[in-house]
Amino acid sequence: MTLAAAADTIAAVATAVAPGEGSVAIVRLSGPEAEAIGRRLFRPAGQRQVWDSHRVLYGHVHDPASGECIDEVLLLLMRAPRSFTRETVVELHGHGGVIAVQRLLELVLAAGARRALPGEFSQRAFLNGRLDLTRAEALSDLVTARSRRAAQLAMAGLDGGLQRRIGELRGRLLDQLAELEARVDFEDDLPPLDGTAVGDELAAVAADLRQLVDDGDRSLLLREGLRVAIVGRPNVGKSSLLNALSRSDRAIVTDLPGTTRDLVDSAVVIAGVPVTLLDTAGIRPTDDPVERLGIARSREALAAADAVLLLHDLSEGWTAADEALRAEVPAGVPLLLVGNKADRLATPPGPGLAISAREGSGLGALGQALLACCGATDAGNLALALNRRQRDLAASAAAALDRSLAAAADGLPWDFWTIDLRDAIGRLGEITGDEVNEAMLDRVFARFCIGK
Ligand SMILES: Nc1nc2c(ncn2[C@@H]2O[C@H](COP(=O)(O)OP(=O)(O)OP(=O)(O)O)[C@@H](O)[C@H]2O)c(=O)[nH]1
Ligand SMILES: [Mg+2]
């Protein structure tokens, strides 16, 4: 099936619209009307400027209704097909600031453009053959990368490595499918097929896919990060630890047990892995209704986190209450036991690592231990990384190959092998974009940010 990009003109703010101020903001238009809309709104300063493609014009944007001057801008015209979307693209580089750029966008919309959906520019680039699917996704991953390593991995995807790797595996499966289908149709005219060789090849591709899936799992940590709940009895130093790891005064610290009442989060990067730390209210029996609500949230955080850091106080040792908290951590959730206040160590030390949040000692080892208990330490060595969608597709392709091999082991005829083999090829085609449909593309690009 060939899919085509819609033929209308879309517009969005292409620069970050975080609260605050930027010095430049860009409104981007793409589509057949882009240049006409630009001409309607933009007046070049001076007579000598011409509307050439890939030239920057300097001038002002006016509201055609009121004549009011809205912004001083640079206009960049890129006529089709030499643009990101292969459509005519106009960029208006205005002065930053959320209000100014929103006015610019509103004028562009009033002049005939439609507000772009998330990822719609990239979707058009893909549909017009400018980008393959893995590269388009890598672009989105680059934009949303939360750590330097995640950005590096996204750049590797942009380089086309993933497209080639998956394309190569898919090609090998297509070769086998061709062999099998030929036998289904012309068994008598062809030399007999070596079923073992076909099986070996399918198994080899399945093994490669599993490796990619494993790497993908580790890279998901780099992309999406870990949510780590710091839990423990009151006053053991949870908030002090959050502050020490985030080098901030984000959480209130006092010597009164029961200081923290609500969840406090802080984003940090540990050895290249983005980590969201959650400081929680100290868990203890209490009649205070506010504290009880806080403790209920601590328990929710404990149950939902990717990993739990259970902190205890080395000046008091490992107590029965600490043991009771350990029992609350759901099975299968990585758990790291850490003793704080090593500067006031009482004998004997409790289980786990010893740190001092106050003095900042042991924090490097803590970071490493945290990543290790989540299986994230060697994520730094990955060269290629599947995102969640690609990972799931690769996993189901590998499972389909297993089914195909099972059909072979059962001695079923060739056409039974091909059903699952075709399924595996289809899944890999969804990764590379060779086999796509509109609904699936809409889902993929909807994850992108607006303006991308
Ligand atoms: N000696 C010593 N004191 C510490 C250390 N870390 C924290 N403290 C002190 O322990 C007390 C409690 O610290 P918090 O960080 O508020 O403890 P918390 O676990 O968040 O307590 P709640 O919010 O009440 O659950 C404060 O007086 C801190 O200064 C440490 O490493 N050494
Ligand atoms: Mg606290």
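Below are the figures for this structure:
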item	result
Search result, residues across the stretch 404-452 that are among the hydrophobic types (A, V, I, L, M, F, W, C), part of a loop (DSSP other than H, G, I, E, B), surrounded by fewer than 21 Cβ atoms within 10 Å (Cβ to Cβ) and under 19 Å from the mean Cα position of the chain (by Cα)	C449, I450
Residue within the stretch 88-108 that is part of a loop (DSSP other than H, G, I, E, B) and closer than 29 Å to L127 by Cβ present	yes
Whichever residue in the stretch 377-394 is modelled with pLDDT of 85 or more and surrounded by fewer than 19 Cβ atoms within 10 Å (Cβ to Cβ) and, among such residues, is farthest from A136 (Cα to Cα)	D392
The one condition in (1) surrounded by fewer than 19 Cβ atoms within 10 Å (Cβ to Cβ); (2) basic (K, R); (3) away from ligand 1 (no atom under 16 Å from the Cβ) that R170 fails to fulfil	(1)
Matching residues in the stretch 213-239 - criterion: being among the aliphatic types (A, V, I, L, M) and either surrounded by fewer than 21 Cβ atoms within 10 Å (Cβ to Cβ) or away from ligand 2 (no atom under 13 Å from the Cβ) (or both)	V213, L220, L221, L222, L226, V228
Pairs where the first residue, in the stretch 296-322, is in contact (Cβ under 8 Å) with a residue 12 or more places away in the chain and the second is assigned to a loop (DSSP other than H, G, I, E, B) and of a type in the set (S, T, N, Q), C-beta under 6 Å, 6+ apart	S298/T280; A301/T280
Qualifying residue in the stretch 111-124 (condition: touching a residue at least 60 places away in the same chain (Cβ under 8 Å), farther than 18 Å from F448 by Cβ and surrounded by fewer than 22 Cβ atoms within 10 Å (Cβ to Cβ))	yes
Residue in the stretch 240-253 that is under 15 Å from L302 (Cβ atoms), surrounded by fewer than 21 Cβ atoms within 10 Å (Cβ to Cβ) and within 13 Å of ligand 1 (Cβ to nearest atom) present	no
Single residue of G282, G294 found to be touching a strand residue (DSSP E or B) at 6+ places or on another chain (Cβ under 7 Å), at pLDDT 95 or above and not aromatic (F, W, Y)	G282
Cβ pairs under 6 Å, 6+ apart, first in the stretch 261-285 and closer than 14 Å to R149 by Cα, second of a type outside the set (S, T, N, Q) and within 16 Å of ligand 2 (Cβ to nearest atom)	V268/L245; V275/V228
Residue check, L401 farther than 30 Å from S240 by Cα and either assigned by TED's automatic domain parsing to the domain that holds R247 or assigned to a helix (DSSP H, G or I) (or both)	yes
Residue count for the stretch 329-340, restricted to those that are surrounded by fewer than 21 Cβ atoms within 10 Å (Cβ to Cβ) and either more than 16 Å from ligand 1 (Cβ to nearest atom) or of a type in the set (S, T, N, Q) (or both)	7
Some residue of the stretch 346-365 being exposed (fewer than 15 other Cβ atoms within 10 Å of the Cβ), at positive phi, more than 24 Å from the chain's Cα centre (by Cα) and small (G, A, S)	yes
Residues that are buried (at least 18 other Cβ atoms within 10 Å of the Cβ) and under 20 Å from G367 (Cβ atoms), drawn from the stretch 302-328	A305, A307, V308, L309, L310, L311, H312, L314
Residue within the stretch 205-218 that is within 23 Å of C374 (Cα to Cα) and within 16 Å of ligand 1 (Cβ to nearest atom) present	no
Residues within the stretch 45-87 that are outside any strand (DSSP E or B), surrounded by 15 or more Cβ atoms within 10 Å (Cβ to Cβ) and under 34 Å from the mean Cα position of the chain (by Cα), tallied	7
Meets criteria (in a helix (DSSP H, G or I), out of contact with any Pro (no Cβ under 6 Å at 6 or more places or on another chain), in contact (Cβ under 8 Å) with a residue 60 or more places away in the chain and not basic (K, R)) for A150	yes
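The values are calculated or read from the model by the stated rules, or taken from the named source; none is laboratory data. Nothing here was measured: the structure is a model prediction, and the numbers come from that model. FYI the Cβ positions are ideal-geometry reconstructions off the backbone, even for glycines, and counts take in every protein chain you see.
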